[in-house]
Amino acid sequence: MSKPKAQFIDPRTTGRRALQQPVFDPSALKRADDAMKAMGGSFEQWLDDDIRKLQIARVAAQNAGWSDGALDALFSAAHDVKGMGGSYGFPLATQLAASLCRLIETDAGKAAARANPRLVLAHVDALRAAVRDRIATAEHPIGKALIAALEAEVEQLGVAPE
């Protein structure tokens with residue numbers, strides 16, 4: 001008889017749940033936490049640099065008539081902010097950048113951006129203002145208003161991926 005090609009693995013007894021000890025001991029976690037705190041001052045500079053790159057991509061997209069290639073570059077810059085905003089201590093930047101990414105991710109979104117780029121401009125300006133004024137979270141009244149308004153506009157367009 002031949003060997004079966006697939007093997008059934010019970011997730012209750014295999015993998016993460018089967019681990020008896022934590023993957024990292026408390027001293028390793030403390031060292032990692034201390035390293036993150038030591039880099040804290042650098043995070044703001046790195047975020048400022050990412051916002052600068054986003055603004056450059058926005059100007060380039062505007063100058064290129066909101067072409068697909070230029071919007072792809074803008075998406076890439078926004079995606080970088082989306083991925084790192086929370087790590088930098090600015091979860092609002094992550095939320096705003098995610099909203100911009102949702103807007104220009106699809107062909108329909110790119111077409112909407114070309115037809116009326118004001119929403120793209122509003123996202124980038126909101127990100128610039130939030131970072132400049134160090135509005136880090138959506139709990140801040142201005143942060144709450146910004147994210148609510150921009151996400152509602154993107155949702156209303158119906159161009160964001162499901």
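The values are calculated or read from the model by the stated rules, or taken from the named source; none is laboratory data. Note that this is a predicted model, so its numbers are computed, not measured. Here the Cβ positions follow ideal geometry from the backbone for every residue, glycine too, while neighbour counts run over all protein chains shown.
Within the set Ala136, Ala115, the sole residue that is in contact with a Phe, Trp or Tyr (Cβ under 6 Å, 6 or more places away or on another chain) and at pLDDT below 95 turns out to be Ala136. Among the residues of region 45-55, is any at pLDDT 95 or above and aliphatic (A, V, I, L, M)? Checked against the condition, which is being at pLDDT 95 or above and aliphatic (A, V, I, L, M), region 45-55 yields at least one hit.
Against the test of being in contact (Cβ under 8 Å) with a residue 60 or more places away in the chain and not hydrophobic (A, V, I, L, M, F, W, C), the options Arg128, Arg114, Arg118 yield a single qualifying residue, Arg128.
Can you tell me which residues in region 61-85 are surrounded by fewer than 20 Cβ atoms within 10 Å (Cβ to Cβ), under 8 Å from the mean Cα position of the chain (by Cα) and not aliphatic (A, V, I, L, M)? Correct list: His79, Asp80, Gly83. Looking across Val120, Val159, Val131, one residue alone is modelled with pLDDT under 95 and either hydroxyl-bearing (Ser, Thr, Tyr) or surrounded by 21 or more Cβ atoms within 10 Å (Cβ to Cβ) (or both). It is Val131.
Evaluated against (1) touching a Lys or Arg at 6+ places or on another chain (Cβ under 6 Å); (2) polar (S, T, N, Q); (3) more than 21 Å from Ala160 (Cα to Cα), Gln55 falls short on exactly one condition, (1).
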